[in-house]
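Please read the structure below before turning to the comments.
The values are calculated or read from the model by the stated rules, or taken from the named source; none is laboratory data. Fair warning: this is a prediction, and the values are worked out from it, not measured in the lab. A quick note on method: Cβ atoms are made from the backbone with ideal geometry, for glycine too, and the neighbour counts reach across all protein chains shown. Please note that ligands, DNA and RNA were not included when accessible areas were found on the heavy atoms of the full protein model with its side chains. Shrake-Rupley method; radii C 1.70, N 1.55, O 1.52, S 1.80 Å.
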Amino acid sequence: MAEPASPPRMISVTGEAREEVAPDQAVLSGQLISKAKDLKTAKETNDKLAEKVANIAKNYEIPRDKISASNVYISPEYVWNQAKNKQEQVGYIVSRNLSITIDKIATHEVVLSALVDAGIDQINGVSFTLSKPEERSDALRIKAVLNARAKAAALAQAAGAKLGPVITITTQGAAQPMPMPMMARAMMADAGA
């Protein structure tokens with residue numbers, strides 16, 4: 001009778017790596033909204049707003065491919081007529097989504113002010129991001145593997161064993177490096193000093 005095969009000797013560990021990264025981009029998002037009695041005027045006004053955005057971006061050396069003014073929405077505008085007890089169409093509303101990615105992060109506030117000064121006052125917010133998050137993620141995965149190897153080596157040494165070849169490596173939704181908004185503010189304060 002053959003002896004049963006002994007189970008493989010294994011050490012299973014989880015490697016971790018974390019990093020706080022200062023953002024290197026600011027993304028302004030908002031809407032271009034125009035209203036007029038007739039659709040043609042509302043659309044032309046909206047086109048002029050988009051042109052103002054393009055000019056502002058050019059003034060701050062923001063490449064055209066970093067600007068998106070997309071998804072034009074057209075809807076009738078109604079008001080309630082109390083005397084007639086019904087809604088009446090008074091014109092049209094034309095809107096489109098706006099997104100501007102600013103690589104010179106320290107300029108985002110002046111760009112925002114320029115947009116508002118130009119009559120673009122529907123700004124939904126500013127988010128701070130990384131221009132190349134995949135590069136940081138790759139570096140973090142390497143650090144996580146090194147961390148796992150160090151843990152496995154310590155366990156093997158404590159057990160009086162030696163490490164053999166890696167049998168499996170599994171990644172679980174590796175976290176993207178997160179830009180830290182507080183660091184962005186500090187960085188902008190330093191840039192302004």
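Open to solvent by 70 Å² or more (accessible area, probe 1.4 Å), at pLDDT 85 or above and either assigned to a loop (DSSP other than H, G, I, E, B) or touching a helix residue (DSSP H, G or I) at 6+ places or on another chain (Cβ under 9 Å) (or both), is that true of K143? Spell out how you get there, then give the answer.
Working: open to solvent by 70 Å² or more (accessible area, probe 1.4 Å): yes; at pLDDT 85 or above: yes; either assigned to a loop (DSSP other than H, G, I, E, B) or touching a helix residue (DSSP H, G or I) at 6+ places or on another chain (Cβ under 9 Å) (or both): no.
No: the conditions fail for K143.
If you check A54 against the conditions, is it touching a residue at least 24 places away in the same chain (Cβ under 8 Å) and not β-branched (V, I, T)?
no
Exactly one of (1) charged (D, E, K, R); (2) in contact (Cβ under 8 Å) with a residue 12 or more places away in the chain; (3) closer than 30 Å to K40 by Cα is unmet by R64. Its number?
Status for R64: all satisfied but (2).
Residues being touching a helix residue (DSSP H, G or I) at 6+ places or on another chain (Cβ under 7 Å) and over 28 Å from V94 (Cα atoms): count how many of those fall in region 119-140.
Of the residues in that region, 2 qualify.
Going by the structure shown, is T41 touching a Gly at 6+ places or on another chain (Cβ under 9 Å), free of Cβ contacts under 8 Å to residues at least 60 places away in the same chain and among the hydroxyl-bearing types (S, T, Y)?
yes
Kindly provide the set of residues from region 151-164 that are assigned to a helix (DSSP H, G or I) and surrounded by 12 or more Cβ atoms within 10 Å (Cβ to Cβ), ordered by number.
K151, A152, A153, A154, L155, A156
Conditions: (1) open to solvent by less than 100 Å² (accessible area, probe 1.4 Å); (2) of a type outside the set (V, I, T); (3) modelled with pLDDT under 90. Q172 meets all but one. Number of the miss?
Status for Q172: all satisfied but (1).
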